[in-house]
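The values are calculated or read from the model by the stated rules, or taken from the named source; none is laboratory data. Not measured: the values here are computed from a predicted model. Using ideal geometry, Cβ is built from the backbone for each residue, glycine included, and neighbour counts are taken over all protein chains shown. We work out accessible area using only protein heavy atoms, side chains counted, and drop any ligands, DNA or RNA first. Shrake-Rupley method; radii C 1.70, N 1.55, O 1.52, S 1.80 Å.
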Amino acid sequence: MMKDRPAQLFRNNELNEYMIIVLPYAEINNEVKNFKREFFKKYGPYSGQNSCAHIGLMSFFQIADREEKLMQSVQGVVGQLKGFEVFLNGFEFDSNQRSVYVDILNKQSLEGLYHQLRLRLFKDLVSLAFLNKNYTPMMKIGQNLSPLQFLDAIADNKTRAYTNNFRVTRLHVLKRKAPYTTWESLAAVPFAKAENELMGLH
């Protein structure tokens, strides 16, 4: 008779969820928080109302024992790239997720970063099931709005002006353990520094 396998091989808490994001300057975070407070007052509660301003790159599950390898993979990509500017401009809307977000003018740098991370993580340890081939960078204000909230948000913000920019100099890796309710900061991974950054000009 076969012996039962040890239960610990299948415990959910051995799987961590990881998220890789870009954070803007504190000034932009405060502006986005003001947008979120305004949305809450106008439209009522919604998903994402309490999160900080960020641009999500990817999220996935991974066995906790592979965390060191995961960080080596991220550092292997980011450490070879120089920082770049992100230019924010106006509001856009996604009808599939009923989401509202601040649009990004120069998406190419973030898209290129995403695809390099995607290929490296897949090569080293992460299933492509977690890493979509298509990626559109955005800074979400709210998502999964009700149909009425979404229509009101479009009417109020489709022509609203907003511009700002910030320089990306590091990626932030977050993680959360079962039951996957609270994110904690795992690491800030710096990009390779250009000469003018080393001189303190950025």
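Distance between the modelled labels on Q49 and R37, one decimal in nanometres: 1.4 nm (7 Å Cα→Cβ projection).
Remark: the Cα gyration tensor places the stretch 5-107 in the oblate category, a/c being 1.5 or greater and a/b not exceeding b/c.
Measuring nothing but how far apart in sequence close Cα pairs (under 8 Å, 6+ apart) lie, relative to its length, the stretch 71-178 scores a relative contact order of 42 percent.
Using a cutoff of 8 angstrom between alpha carbon atoms and counting only pairs six or more residues apart, the relative contact order for the stretch 86-149 works out to 42 percent.
Top mean-square fluctuation among L121, L88, L113, Gaussian network model of the chain, C-alpha springs under 10 Å? Largest GNM mean-square fluctuation: L113. Take the residue pairs K33/K140; K41/K158; K33/K133; K36/K140; K69/K177; K123/K193 and return only those whose Cα atoms are more than 21 Å apart. The pairs that break the limit, which is 21 Å between Cα atoms, are K33/K133; K123/K193.
Mind listing which trypsin sites (Lys or Arg not before Pro) in the stretch 109-140 are in a DSSP loop and have 11 or fewer other Cβ atoms within 10 Å?
K133
Counting protein heavy atoms only, the chain has 50 percent of its accessible area on carbon and sulfur, 1.4 angstrom probe. Between S146 and S95, the modelled label-to-label distance comes to 2.1 nm, taking each label 7 Å out from Cα in the direction of the beta carbon. Averaged per residue, the chain has 59 square angstrom of accessible surface, using a 1.4 angstrom probe with ligands and nucleic acids left out.
Matching the structure-derived Cα Rg over 2.2 N^0.38 Å against the labelled list [x] 1.15; [y] 1.46; [z] 1.37 gives the label [x].
When the helix-only estimate is applied to the chain (DSSP H runs of n ≥ 4, each -39,500 (n - 2.57), divided by the residue count), what is the mean residue ellipticity at 222 nm, nearest 500 deg cm²/dmol?
-9500 deg cm²/dmol
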